[in-house]
Structure formats: structure tokens, C-alpha cells
Amino acid sequence: MSSETLTPPQAPALDSPWRRLLDSFPVRYILYPVGQMVIFIAGAAGILTLLSVLLALLVPEPRPNIVLMDQIGKQLPGMIISGISIGFVYSMVALGYTLVYGVLKFINFAHSEIFMVGSVIGFEVMQRIEDVGFIQLWHPVALVVTIVGSAMIISGLLAVLIERVAYRPLRNAPRLVPLITAIGISFFLIDFVRAIEAITRNDFNLTYPTGDLSYLRTPIPMTFGETTVNVRITSIIIVLAAVIMLIILNYFVNGTKLGRGIRAVSQDRTTAGLMGINVNLMISITFFVGGALGGGGGRIVRAERRHGDALRRVHSRLESLYSGGARRYRQRDRGASWRANVGHGRVLLERRAGLFSSTRSALYRYFRLLCIDPYLDFPPKRVAW
Amino acid sequence: MKISRKLFVLVLVVAMGLMLSATLVNAQDGTVIRIASQSPLSGGQSVVGTAIRNGTELAVMQLAGPLTELGYTVEFVPYDDQATADVGVSNAQLIVNDPAILAVVGHYNSGVAIPSSEVYNDNDLVMVSPANTGVNITDRGYATVNRICGRDDAQGAAGAQFAATLDGVESVYVLHDTTTYGQGVADFFSAEAEAQGLTVLGFEGTEETANFEGIIQPIIALEPDLVYFGGIYDRGGILISQLRTAGYTGVFLGPDGMDSSEFANIAGEAAIGTYYTTTGAPVTVFPEAAQFVEDYTAEFEMDPQPYAAQSYDVTGIIITAITQLIEENGTLPTRAEVAAAVRATTEYQGITGNYTFDDNGDPEMASYYIISVDSSDPALWGSNTILSTQMIPSPLAAMAMMEEMMPEATPGS
Amino acid sequence: MTAQTSQSPWTTFRTWFSRPSVAGVVILAYLLIVIGALLSLNRADLLFPLYSTLVFPPFVLSPLVILASPLDNRIKVTLILVLVVIAMPLIGIYDSSYLELTIQICIFAGLALGLNIVVGFAGLLDLGYIAFFAVGAYSWAMFTSSAETVFFVSGIIVPGWAFYIFIFVGVVLAALVGVLLGLPVLRLRGDYLAIVTLGFGEMIRVLARNADQPINFTNGSQGLLNVGTPPMPQFWVDFIGSIASTLGIRIAGNLEPLAQQMLFYFIGIVILGVIIVAARRLDNSAIGRAWTAIREDEVAAIAMGVPLVKMKLLAFATGAAFAGAIGVLYAAKQSFVSPESFSLIQSISILAMVIVGGMGGIRGVILGAIIVTLLNLQVLKNLSLQLNALRNIDFIVPLINFHIRDWPTQLEPAKYERLVFGLLLVLMMLFRPAGLLPEPRRKLELDVKKRAETPVITSSETGD
């Protein structure tokens, strides 16, 4: 049962053309995961629609002159689209958690701060480009790639540094100990970034300009029946970038030699070390990849919100912690990082539908945590990606 | 045990050394008067909060002359309330326990000012606010709580009356940030809007800070002609920019919480064409404030934000009151005396107007402005167009005026 | 660390000091100097914030210093009683800001001791501990606040004397909530437990924020103001006043705020005393040993017949109960309660107290609470005030010729409490994971290197 994660299932007896097609690169690493993702999104959207229609049938006229059915037609498309774009961001962040958790079995509380650092670095890089005056000359795609790329690299390196300084010396300590340093690091990073911004800009709470990039602001109108929804370019960038990152990550973990090393370390650190795998290197790589995903996600989502504030990340930590938690335990087999996108459904349901607003949202969160408890208590014997 | 003993001796030796050095310094006997400010110096509302702090500091530097001549040192102590009531109250506890502090300038948020002023009031410490418009600030009738700005009942109503005069505005959607201030002003707005014959399509509170998508979709589906946001610029700016990207084309109106160049900075292009009501006009309106703007810019290397000049005047009022007391009595006044003297202020000629407090601590006359945002450039915030200016007396002053005019028809009889 | 260079002057000093007579003289001198220094400070002084930062911590730490000294137990108790009942109130009359700080220390020390039961004794990492504090605070605030809650509107307002009853109500309510949290998380360990408790803490906060609709219980994010205070008899006010006038201390304004604070100080000291006694008794009881067993090895504990469910629930309930009592005091003292008072950072800072001082030990946890609270409320704030005072007079640092005015206002120490906390947590975990005053058993567990040479710990050394 556990061997199939290590070696890709290659059964010579079943070596039919059909099987070969299934195992071919585009199918395994692109079609299969993307297909899974589409199914999840469609499913989540479907459930949401169903619930709203049900509600509308139950409560025909909540306020005078407002017919719920009409409202659903008007509001739902926009809700679903914004839910998808946010869901992708969360999934990128949650993947960082999952990666680190899978290898070290510990919750990297500092991950949300890496998310924050990624957004700050992206803005700073962009500011530099703007200062030099190149921003109008650069091709939009090149610009986005440069900014997101630099954010990813630097936050990846930061994650590696954090691991080296704060987690590695404590790898054999009781489990509480690295958890507490992680909290410490996350607090430290928040104020450290603020201090740097305070010194360099004398501004404690930055509102980052997006530069004069009108092509990033012009929305694309999409029509659903009678309703027109303005889809932001940034939302499309988010989805595209997330899909690309997820495809690369899936290939990296499941298809490359390094990925196999990481999986080996996650299963049994000692044995992996005895087998000649450089455990420290693998862990560093894991942190790099996780940090890069978090940083990239951070940068992209800031592009949409236009607002960078070191403090705000605390919330995103909780959000993605929950969604990450929810996801982690559904990942049982190969390629299941795509299941992270179950989160879309959750995010969609919880944040968009307004079904669980206010008090109920708190209770709901609590009960959801309780519902995943059974999974929590029996961590999967093998870590599936 | 071994370690703890070692540690203990170490602590002991270090402590004794420090102790000695501290006692050796001869504490000179001076008379020090401190004026504290409380405003958000960190977080999303720090732009205006810092302006309140800086305005107060500038006033202490420039106006403390008479007190220095009398042999007193005037010091300024800024506190950061983080726009959070809990922090404001904790700071208030620290402030009231410093006997040298005789007055507080602040706050920015009514929701912070009200619980904090309970603490001040218990300790007879006077608070004068340059920016709190919430009605309950002064309506509690405390002897220690004053303000020099307008009130939300007048401001919300002025906003609604303005909305009714706009062409094609028949329906409004009212959103607020659930704070004392935001909800309060939104309440007054929607009440007056209904009185003016506008349809209020929705009245909703949200604690969202960054992503208003879930709120925007229903708003757009209801197609209001005007969206009113009772809240502060750090959320209002994001709200309007997200509203516009989502395709909203109607009018956007906000209270004085929108009054900060940061609104333009956050909202960008979306800020252009929005309206806000305020009780503190841009400093460019006041001819006497020219010198202040110059000094402020030179001292802090930034343009004065709204309420900086008002804070300057508040501090002036406080310093004048304390100076009078010392000249009369010759001794350092108690907090209760300072509070009474501040309340008795009549016709204080400040750089932003002429202030007289009524019995509740409201200024007898307050100005209300309706301003439209012309540019997305934060540097040009001060030159936004003032569409209308109204002088509205405070409720007590209005009542007194009524009595004067119609002595036979005394209200409440 | 190791005292292998045995004939060092350090060792000589230690043997010299361990003589009770010498220690007694040193301690007395220490107390006299600290108190004298504290009373000689002048607020008008330019460097007052700095001096007060230097002088006050040694004073607050003096009970711990006394405890650590080789004096006779009776003398120790007498000295501490004198400090708590006479010296501190006098200093409080002289300058009430110290009273305020001491009350805060009492509050946080109580909380840290409660968390210590859950984390230190039973080894269950609770990141949502502040929720129980919130339960206590809200239970008193809801019934006395003048905000327009359902209780206020319907006239169910509890009189001030009920405060003393509500301390017990807070204890019971918080313990119930503790059991409520404990039940579902019984099977969880380590980081899973941390996430669930973290979620629970957030949940209580969000609940408090949203329980203003449809029925207004908590007044939502606007908070409950004008929370009731315990009644203050007139003789108490007069008593404080007469002491002040006998000492010749002029009190500007009315006496009531001071008398009120003094009352809170004594209530805080009593609650803290009860908590300390309870924690010590629990630690040395069968229950405490069961907790230790669970902490060290759950499976082995079950095998040895420890009733796991009962003991875990008891740990949650006891820790919560302490927080509940403290919460009632906090609400009355602060006179204002809002959801923001109970955020994650509060939970973390209480955890930091437990960790800095030393998990599992009572003395260590109190030390941690003193350090972190002072850092947060006094040291960082005072350094900011000091910077500001120097900025006011345009102070120029000699030698490097640096104008304090050029120091960015954004770089005030008070704004970087998170940075300090974070560093503190990381450094403590890296270099002294057992805390400043380690609990012996935990130290053994963490200090693998020393395991061979550390003598067997006798129970007499764990307590006092």
C-alpha cells in the first residue's frame, strides 16, 4: 500500500496503450490534476448554487420588493468568480503549510509571515522598477513574472534561513519547542518588516501603490444571462499563476528525483539518511519551495487588494491554517495535492455565501475543527502529496 | 537550584549597581506639566493619528511660552491607542497615574474615546478632542470631556441633505464599520435620508478590512444610486476601489472618516468624484493657519493632514486655561481645576476658528463642509473642492438661541 | 555554566553568601536601597522614565529574591508580607502608576499560573487560553455595564458588592467552558491540540464580537463600558487619605481613584495568593503527579492506572477557573471590556510568560509573568517616553554627535513589542528551553547533557 507512493505504479502486466496514455507526462502531470481541480470547483459552485436556490425557495421575500431568486441570478456569478480567485490564493498558501508539515510533522506558524514578506518584496521590487522608470516599457507578462519571481525566490530563501536558524537546532527537541519558536519567528517577522519599512520610508503602515499600470486595473466584463460581472485582470493572473505553480509543484514532488528524496525524508528521516539522502538538504528544499509558494501567493494577492500591512497577515494565517488543516487529511494518494483545491469549495461556501455569517461562522469553525478531529488523531502513516 | 542561586546573585549585584547610580543622580526639583495625546500612531489609521500627535507637539513647542516664563516646564507625551478601545483604556490607566499629566488631546476614534474618557473622568482629567464626532462623547454631560469639532447627528444629516440634492439620487445603500463612530453617523445619515424621501435599500455593518467582495455583490445587484460608508478611510478607500472595479457607477459619500490624503492613496483613480462630509476643513481654508502649515511642514517634513491644525488649537486652549489658572492662583492647578477652566473657555481665537464650549463640552458653533475629491494624487488632497459650508450650533447652543428668540415658548415646559 | 573551576572567587562568594547572617544583611540592604531609590525618584527629572525602568523591576522582583536567599522560612514569609502589605501600598500612595503596574502583574501572574497548570503541569499546549479570561471578564461586565445590553435594558443590573460573588461565578463559568473545550480535544496531542485550542480562543472572541445581534449580550465590537466596581466603604477612602496625610504626601484631586486602585491591589494580591497556594497544593498532590505522568508519557500513564479523561478535564477546568477569577477582576479594574482584549497575541504573551520563567515551576512562572508584563507595560513604553523626553529638549548623544530628534518616530520601542516577544521566545527555546528558573524535572528532560551529573531531585527543592 505504501510502496506506490515511492515508486510510480508501473505494472508491466497492464502495459496496454490505454495504460501508457494514462501514465504519459501530459496526462499524469497536467490533465489529471487540472481535471481534478475543475471538478472540484464545479462541484463547489454547484453545491453553492443549490444551497442558495433552496434558501431562496424557503424564504421567498425577505425584504419588500426584493425577490431572492432574482438576487441569486444577479449575485451568484460574481460570488463564484471571486470565490475561485480567493480559493486559489488560499490553496497556494496552504500548500506551503502542507509541504512543511508533511516533511517535518510540525506546523510552520511563520508561514503566513512569509506570505507577507513575499508581498512586501514584490512591492519593493516593483517600486525599484518604477523608480528607474522602466515600468511602462516592460511587457506586462515580463513585469508580472519578474515581480512574482523575485518575491518567490527571496521568500523561499527566507524560509530556508528560518529553518536553519530556528527549527533545525530543535529538530530532536520535544514537539512543543519548535512550535513555540515558530510562533516567535512569526511575531518577530511582522515587526521586523515594519521596522525596516519605518527606517527606510518612515512609514509604519504602508499603502503600496500599484504603479500606473492601467492594464492591471481594467476589468473584463463577462455576461451570465442578464448579469454582467467585471472580472479583474488580477483575478485571472491569480488563477493562472496558481495553476502553473501547482502543476510545477506536483511534477516536482511526484516526478523528479529531488521530489522522491523529499518524500523519502517525510516517510522516515533516519532511514532516508541511511540510504544516502541528504536529509538537511531535502528539508531546506522543502522550506524553499513552501516559502516560494507562500511568497508568490502573497505577492499576487496583494496585487489585487492594493494594500500591504504587516499585521493583516495574522488573519490569513488562521484562514489558511484552517483550510490547510482541512485539506491535509484528504490527501491520500498520488497527485492529491490537487485535492488542496477542495479548499475552493470550502472557501466559496464559507466566505461567499454568507451562510455562516457572524456568530454562526465562529461556531461553524469550531465544529469544523471538531469534525476533522478524527483525522487529526490518526495522521496518515505515509504522507501523500 | 545552583543556577537559580547564581542568577539571583547576578541580578542582585546588577540591581544594586543600577540602584546606586539612580539615587546618586540628584533629582532637581522642577515643576513639570505634561500634556498627553492619544491617537492611532500605528495601523491603518496612523496617518491622521500622527497628524493629531504632531499638531499637539507643535503647539506645545510654540505656545508653551507663557508657562515657561512662569517657571514651568511643559512636556508633551504621545500615546498610541492603535485605534483600539482596549489599548486606549490601558493607556488611559497609565496616563491618569502620571500626576504631571494635566490634560489629554485625543482621540481619533469615538469608539476609543468613549471608554477611555470614562477613565479620565473618574480621575478628573480633562480631555479635549480635535476629531471625535460621535454624539455620545459629549452627550454624557461629563465635565471633563470637550471637543472642538462638530457632531455626527449634524454631519450625518448634512450628508443626507446633500445626497438628496444630487441629480438622479433616489436610493441609497448604507454601510458602516460597526464602530461607535461609523455606526452612529450611518444611523443619522439613513434617518435623515428617509426623511428626505430617499429609499434606503440596505443598512449593513461589516468588520471586513480588506476584501469587500462578498458585500459588494449584493450592493451592485440592488443598484443603489449612492453608497454611504460610515467608517474610516483605511477601509473606505479599499471599499470604493473594489466597488468601482466591480462595476459600480453611482455616487460614493462618506463622513469625515474619509478625510485623509490616504483615502486618495488607497483608492487611487476610484477616489475621484467621491464626496465626503467633514467638520475639519482643509487648512487652506483658514487664512490664519498659513504660518502653521509652514512650521508643520518644516518640522515634520510632511503636509498637515486633517485635524492637525485642530489639534494645535486644542492644545492652545489647554495651555491658555492652565496659564490663566497659574496666574490667578500662583500654584500648580489640580486636574479638576484645569477641567473647569477648559470648559469655561470662551472665544478662544485659534487658527481654525473661534471656540466657545457649551455646558456639554461641544463647541457652540461648528462648521460642516461637503467636499468632493478632485484628484487621486494624495499631495493635492488639501485642494479638494468645498461644495458647501454650513454653520450649525450645538444642541445646547441651539436651545439657548431658541429661548433667546422666543422667550415665551420655552422648550420642555 | 559548570562550576568546574572550583576555587574561583565566585565559589568563595557563594559560600560566603550562603551564611544566613550575611544573606540577611545583603537582603535588607537590597530592600532598603530599592525602596529608597524608588521613593527618591522625581517625575520632573529628565531621565525619570529610564530611572523608573531601572528601579521598579528590582523592587517587584524582591519577593523572588527573598525566596531564593538562604534565609529561614519564617523570616522570608515575614519579609514578603511586609513588602506586600506595607511597602507596596506606601509606594502606591507615593506614585500610583506603580500600583497600576503591580495590579497588572498580579493579573498576568494569575493567568500565567493558570496556563502553567495546563501547559506546564499536564503538558497540553493551549493557545486559546485567553478565552477563559474572556469568559470571566464578560460574565461580570455583562451584568454591570451601562452599555445597552439586554441586561441593562431589562434592568438586570447587579450591584457592586456582587463582585465578590461573581469571582466565584467567573470561576465556575470558566471551569465549565474549560470542560466544554476539554471534552472534544481529549484525544488530541501536541500541535493538533494547539490548533484546536487556537481556534477555540478565536471562536470565543468572535462570539463576543458578534453576540450583539439579535439579542445584545456583549455590545459587539464596541465593547462594554462602565463595568461595575466593588463598593468602596468610606472608611477605606478615609484610611488611605489619613495615611497619605500622615506621610505628608500631597494627593492632587480626589482620593477615590487611589483608594479604588488600592482596593484592587489587595483583591489582586488575595486572588493571586489563593492561586499560588492552590497551584502548589495541586502540584504536590496525587493529581499533580497524575498530570506529570500524562505530560511525560500518556500511554505509560494510562497503563499505570491514571484516569486520563478525568485528569485532562481537571487540568483544563482548573486552569480555566483561575483565568475566570482573574477575568472578573480585570473587567472591574479596567472598567471596560471589548473583544480586542482577548486576541491571539494575549494568549501568546501569556504563553511567553510561562516559557520565559520556566514551564511547570510556580516561582519561575511568576518570574516570567513579572518580566514579560514589565517589558510590555513598563520597559518598552518608558523607553519610548524617554526617547520622547530627550527629543523634546533636542538632546544630542555625545561622542557620536547624534541628534535624538533624528531618530524616526516610527522606531519607538513601544511599537515593537511583538519583535521583542518573538525574539524572546526564539532565544529562550534555543538556549534555555527550560526557562530562567527551570522546574527541576523538566530541566532533566530537556538538558540531556546534564542528565548524568544532576543529583536526584528531592521534593523539598521543587516547591517554595
* Structure fact -> Across (1) crowded, with 21+ Cβ neighbours inside 10 Å; (2) under 20 Å from B:Gly43 (Cα atoms), C:Asn382 clears everything bar (2)
* Asked: Yes or no: B:Asp377 of a type in the set (D, E, K, R), in contact (Cβ under 8 Å) with a residue 24 or more places away in the chain and buried (at least 18 other Cβ atoms within 10 Å of the Cβ)?
  -> no
* Taking the range C:206-235 as the region of interest, how many residues are buried (at least 24 other Cβ atoms within 10 Å of the Cβ), out of contact with any strand residue (DSSP E or B) (no Cβ under 9 Å at 6 or more places or on another chain) and at the interface with chain A (Cβ under 10 Å from one of its Cβ atoms)? -> 0
* Among B:Ala270, B:Ala210, B:Ala186, B:Ala221, which is the only one that is among the aliphatic types (A, V, I, L, M) and more than 10 Å from chain A (Cβ to nearest Cβ)? -> B:Ala186
* Are any residues in the range B:62-75 of a type in the set (A, V, I, L, M, F, W, C) and either part of a helix (DSSP H, G or I) or at pLDDT below 85 (or both), and if so, which ones? -> B:Leu63, B:Leu67
* Hey, does the range A:136-158 have a residue that's closer than 23 Å to C:Leu427 by Cβ, among the small types (Gly, Ala, Ser) and in contact with a Phe, Trp or Tyr (Cβ under 8 Å, 6 or more places away or on another chain)? -> no
* Asked: Does the range B:247-258 contain any residue that is in a loop (DSSP other than H, G, I, E, B), surrounded by fewer than 20 Cβ atoms within 10 Å (Cβ to Cβ) and either in contact with a Gly (Cβ under 7 Å, 6 or more places away or on another chain) or among the charged types (D, E, K, R) (or both)?
  -> no
* Search the range B:49-81 for residues being crowded, with 24+ Cβ neighbours inside 10 Å and touching a Gly at 6+ places or on another chain (Cβ under 7 Å), and hand back the single one that is nearest to B:Ile322 (Cα to Cα). => B:Ala59
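Yes/no matrix, rows are residues, columns are (1) part of a helix (DSSP H, G or I); (2) more than 21 Å from C:Ile393 (Cβ to Cβ); (3) in contact with a Lys or Arg (Cβ under 6 Å, 6 or more places away or on another chain):
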| position | (1), (2), (3) |
| --- | --- |
| B:Ile52 | yes, yes, no |
| B:Glu57 | yes, no, no |
| B:Val60 | yes, no, no |
| B:Val77 | no, no, yes |
| B:Gln82 | no, yes, no |
| B:Tyr108 | no, yes, no |
| B:Gly111 | yes, yes, no |
| B:Val119 | yes, yes, no |
* Asked: In this structure, does C:Leu71 turn out to be touching a residue at least 12 places away in the same chain (Cβ under 8 Å), farther than 23 Å from C:Lys381 by Cβ and either surrounded by 15 or more Cβ atoms within 10 Å (Cβ to Cβ) or within 9 Å of chain B (Cβ to nearest Cβ) (or both)?
  -> yes
* Cβ-Cβ under 6 Å pairs, at least 6 apart or on other chains, the range C:188-207 side among the hydroxyl-bearing types (Ser, Thr, Tyr), far side at pLDDT 85 or above and surrounded by fewer than 24 Cβ atoms within 10 Å (Cβ to Cβ) -> C:Thr197/C:Gly128
* From (1) of a type in the set (A, V, I, L, M); (2) free of Cβ contacts under 8 Å to residues at least 60 places away in the same chain; (3) away from every other protein chain (no Cβ under 14 Å), pick out the condition that doesn't hold for C:Ile271. => (2)
* **From the options C:Leu385, C:Leu425, C:Leu374, C:Leu390, residue that is modelled with pLDDT of 80 or more and within 12 Å of chain A (Cβ to nearest Cβ)** => C:Leu425
* Structure fact -> Taking the range C:42-60 and keeping residues within 7 Å of chain B (Cβ to nearest Cβ) and over 28 Å from B:Thr73 (Cα atoms) leaves C:Pro58
* Structure fact -> If we ask which residues in the range B:192-203 are under 19 Å from B:Ile219 (Cα atoms) and away from chain C (no Cβ under 14 Å), their number turns out to be 7
* Top-ranked residue in the range B:33-50 [being under 18 Å from B:Arg235 (Cα atoms) and touching a Lys or Arg at 6+ places or on another chain (Cβ under 7 Å); ranked as farthest from the other protein chains (Cβ to nearest Cβ)] -> B:Ser39
* Those residues of the range C:169-199 which are hydroxyl-bearing (Ser, Thr, Tyr) and more than 7 Å from chain A (Cβ to nearest Cβ), in sequence order -> C:Thr197
* In the list C:Leu113, C:Leu127, C:Leu173, which residue meets the criterion of being among the aliphatic types (A, V, I, L, M), within 18 Å of C:Ser341 (Cβ to Cβ) and part of a helix (DSSP H, G or I)? -> C:Leu173
* buried (at least 19 other Cβ atoms within 10 Å of the Cβ), away from chain C (no Cβ under 14 Å), in a helix (DSSP H, G or I) and in contact with an Asp or Glu (Cβ under 9 Å, 6 or more places away or on another chain), is that true of A:Val120? -> yes
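Every residue, every condition in (1) at pLDDT below 90; (2) within 29 Å of C:Ala259 (Cβ to Cβ); (3) crowded, with 20+ Cβ neighbours inside 10 Å, yes or no:
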| residue | (1), (2), (3) |
| --- | --- |
| C:Val65 | yes, no, yes |
| C:Val77 | no, yes, no |
| C:Val85 | no, yes, no |
| C:Ala112 | no, yes, yes |
| C:Phe121 | no, no, yes |
| C:Leu125 | yes, no, yes |
| C:Tyr129 | no, no, yes |
| C:Tyr138 | no, yes, yes |
| C:Ser145 | yes, yes, yes |
* To do: Please work out which residue is farthest from B:Ser394 (Cα to Cα), limiting yourself to the range B:327-373 and to residues that are assigned to a helix (DSSP H, G or I), in contact (Cβ under 8 Å) with a residue 40 or more places away in the chain and away from every other protein chain (no Cβ under 14 Å).
  => B:Glu327
* Structure fact -> Exactly one of A:Met1, A:Met37 is at pLDDT below 80 and aliphatic (A, V, I, L, M), and that one is A:Met1
* Quick one: B:Met302 ticks every box in (1) in a loop (DSSP other than H, G, I, E, B); (2) hydrophobic (A, V, I, L, M, F, W, C); (3) within 14 Å of the chain's Cα centre (by Cα) except a single one, so which number is it? => (3)
* **C:Leu39 vs. criteria at pLDDT below 90, within 27 Å of C:Ile243 (Cα to Cα), within 13 Å of another protein chain (Cβ to nearest Cβ) and assigned to a helix (DSSP H, G or I)** => yes
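The values are calculated or read from the model by the stated rules, or taken from the named source; none is laboratory data. Keep in mind that this is a model prediction, so the values were computed, not measured. Don't worry about glycine lacking a Cβ; one is built from the backbone with ideal geometry, like all the others, and counts go over all protein chains shown.
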